[in-house]
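Report on the following structure.
Here, each number is a calculation from the coordinates, and none is a lab measurement. Keep in mind that this is a model prediction, so the values were computed, not measured. Here the Cβ positions follow ideal geometry from the backbone for every residue, glycine too, while neighbour counts run over all protein chains shown.
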Amino acid sequence: MSARCPVFNLPTLAGFLFSLVASISGSTILNMWWDCDIDALMKRTCNRPLASGRIPPRQAQVVGLLLSFLGVVGALLLDPLTGFIIFLGLFFDVVVYTILLKRRSCWSIVWGGIAGGMPILAGRVLAVGSLDWIGVLLFLGIFFWIPTHILTFSIRNAADYQCARVPTFVSAYGIEFTRLTITISSILAAIAMVGVAIGIGISWGYLRLLGVLSAGLLIYSVTESLKPTEKGTFGLFKFASIYMLSSMFVIFFGGFG
Amino acid sequence: MISTKLDRILFLGTGLLAAYQVTTGIDRLSLGPVLSFTIAFGMLLLTSLYFLIFGLDGFTSPVPGISSTVIPLAIGLGLILQFFPKYGSLYLVFTIIGLILVMITRSIQHQPLFHTISVTLVHGIAGFTICIIPAFIVILGRMQFWYIFVAIGGSLIGLAGLLFSISRIKPKIVPLRINLHLFPALLFSMTLCYVLGFHFG
């Protein structure tokens with residue numbers, strides 16, 4: 001919809017949906033398969049099927065690889081560039097983020113963010129047939145939103161991560177710096193989404209609504225960085241999630257205007 | 001204090017109605033009123049989201065105080081700019097001074113009387129504007145009867161403010177706990193009235 005495409009192509013949409021569901025499910029399963037030892041050490045994740053031993057690791061590995069393969073092949077059949085982007089997302093998530101960096105550096109979340117932004121970029125590329133600046137902004141919107149999500153969890157579950165020896169921003173740089181990073185990334189995510197809305201040319205009314213939501217996120221972020229509290233940080237995480245969902249709806253419906 | 005499911009549904013409903021109002025409900029107006037109403041309904045939207053996230057515990061923060069001042073002032077300014085544009089600048093000055101006055105006196109903790117006087121004055125004028133102008137405009141025949149709902153919305157926001165004022169003084173006629181549970185319903189009803197008034201009026 002970000003392309004304001006007048007043609008609604010159900011087979012392409014269904015194919016893309018299948019490809020996304022398969023590749024994201026596959027990468028998530030592979031992530032849990034690789035991390036099942038550290039998941040078992042953390043209170044938040046110890047009840048996951050692999051960590052609790054309800055599913056054999058070998059079985060999960062096979063299903064994860066199969067779904068990932070189907071997802072990438074499905075996307076490649078739709079459009080080679082879309083398929084390549086889906087493959088990159090999977091590669092960054094499973095290989096770079098999970099296997100290579102997660103246990104070594106707190107900066108692994110950057111690669112997690114890159115992986116997280118790939119599905120929306122793939123959708124845009126499939127819709128317009130090329131990589132354009134609006135696609136890059138959509139990618140950046142998700143890329144900057146992901147630290148808000150992950151870093152908030154790392155603050156709330158700092159003891160868990162420490163127990164599993166997973167490096168986080170909290171353990172490496174302290175809570176103050178982590179909160180500041182959350183604030184800055186929330187603001188950058190909002191700027192990216194407003195840029196997308198302007199670039200697509202959504203109607204004036206929807207632009208007003210996005211302006212209100214962005215102003216809310218901006219005020220909340222700045223207030224939280226000036227007067228940080230644990231409850232407030234978690235509230236910011238919730239607000240940023242509502243913001244991202246709402247801005248997607250605004251771009252979707254505003255595109256009709 | 002934990003909010004109930006009904007409270008959350010009412011906050012969500014308030015947020016959706018306010019979002020509708022920002023998006024399409026004020027489209028046919030000129031720039032000045034659109035900006036004022038966008039601030040008012042945008043504030044309503046953000047306030048309902050705030051209470052959805054934090055529940056009724058959100059009352060311990062300054063957010064309700066700020067939004068309960070901004071919303072009536074912005075709606076009042078929008079109405080003046082829409083129907084009596086020649087008084088727009090004067091009302092804009094009142095809005096800015098009023099907002100600053102309420103914020104400053106709020107921060108003076110040891111002199112609550114100043115805050116009470118400024119809140120009463122500013123809210124009183126803004127509330128009077130919201131209640132009287134729509135009724136006057138309907139009587140003049142410039143808007144349809146439904147526009148009277150804007151005045152009802154104004155009365156409801158006044159009622160909400162009154163309930164909280166009563167709950168803060170002694171002896172407590174209405175306990176704060178009951179007020180907190182009335183608040184989501186009042187917020188929703190008020191927003192619904194505004195939407196009905198602006199849409200059909």
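Couplings 3J(HN,Hα) of the stretch A:205-217, computed from phi: x, 5, 5, 4, 4, 5, x, 4, 5, 5, 4, x, 5 Hz, in residue order, whole Hz [Karplus 6.51 cos²θ - 1.76 cosθ + 1.60, θ = phi - 60°; x for Gly and Pro]. Here the Gaussian network model covers chain B, with springs between Cα atoms less than 10 Å apart; of B:64, B:112, B:33, B:112 fluctuates the most. Counting only other chain Cβ atoms within 10 Å of each residue's Cβ, the peptide B:37-44 averages 3. With respect to chain B, whose longest principal axis is taken over its alpha-carbon atoms, helix B:88-107 is tilted by about 10°. Working note: Karplus 6.51/-1.76/1.60 with θ = phi - 60° gives the stretch A:103-110 the couplings 8, 10, 9, 6, 6, 4, 5, 4 Hz, where Gly and Pro are set to x.
Our note on the geometry: Cα centres of the stretch A:126-158 and the stretch B:1-74, 27 Å apart.
Ranking B:48, B:62, B:147 by Cα position along the charge dipole of the stretch B:5-200, where only Lys, Arg, Asp and Glu carry charges on their C-beta atoms, puts B:62 farthest toward the positive end.
With the Cα gyration tensor of chain A giving a ≥ b ≥ c as the square roots of its eigenvalues, does the rule (a/c under 1.5 for rounded; else a/b larger than b/c for prolate; else oblate) give rounded, prolate or oblate? Intermediate values should be presented prior to the final figure.
Working: a/c = 2.27, a/b = 1.10, b/c = 2.06.
Since a/c reaches 1.5 but b/c is at least a/b, the shape of chain A is classed as oblate.
For the protein assembly as shown, the gyration tensor built on C-alpha atoms gives a prolate shape. Its axis ratio a/c (a ≥ b ≥ c) is at least 1.5, and a/b is the larger of a/b and b/c.
Would you mind ranking A:97, B:87 so that the residue whose beta carbon has the fewest other beta carbons within 10 Å leads the list? Present the calculation step by step, with values, prior to reporting the outcome.
Values: A:97 22, B:87 12.
Final ranking by Cβ density, sparse to dense: B:87, A:97.
Pulled fully out, how much extra length does the chain show between residue A:229 and residue A:95, if you take 0.36 nm times their separation in residues and subtract their Cα-Cα distance?
Details: separation 134, 0.36 × 134 = 48.24 nm, distance 3.51 nm.
Extending this stretch completely gives an extra 44.7 nm.
Computed about the Cα centre, the dipole magnitude for the protein assembly as shown is approximately 800 debye when only Lys and Arg (+1) and Asp and Glu (-1) carry charge, each at its Cβ. Relative contact order of the stretch A:11-132: 27 percent, from C-alpha pairs under 8 Å at least 6 residues apart in sequence. Among the residues of B:50-58, the average count of other protein chain beta-carbon atoms within 10 Å of the residue beta-carbon is 3. For the stretch A:71-77, the Karplus equation 6.51 cos²θ - 1.76 cosθ + 1.60, evaluated at θ = phi - 60°, returns couplings of x, 5, 4, x, 5, 5, 5 Hz by residue, with Gly and Pro reported as x. Note on residue A:48 and residue A:198: the model spin-label points, each 7 Å out from Cα along the C-beta direction, lie 3.9 nm apart. At q = 0.13, 0.24 Å⁻¹, what is the base-10 log of I(q)/I(0) for the stretch B:9-74 according to the Debye formula with one equal point scatterer per Cα and no solvent? Please give it to two decimals. For the stretch B:9-74, the Cα-only Debye profile gives -0.35, -0.99.
Could you tell me how many degrees, from 0 to 90 and to the nearest 10, lie between the Cα long axis of helix B:63-83 and the main elongation axis, the longest principal axis, of the Cα atoms of chain B? Approximately 10 degrees, to the nearest 10. Among B:39, A:29, sorting on how many other beta-carbon atoms sit within 10 Å of each Cβ, with the fewest leading, yields B:39, A:29. Of A:228, A:119, A:147, the residue with the greatest mean-square motion in the GNM of chain A, using alpha carbon springs below 10 Å, is A:228. Contact order, relative form, for the stretch B:5-200: 24 percent (alpha carbon pairs under 8 Å, 6 or more residues apart, mean separation divided by residue count).
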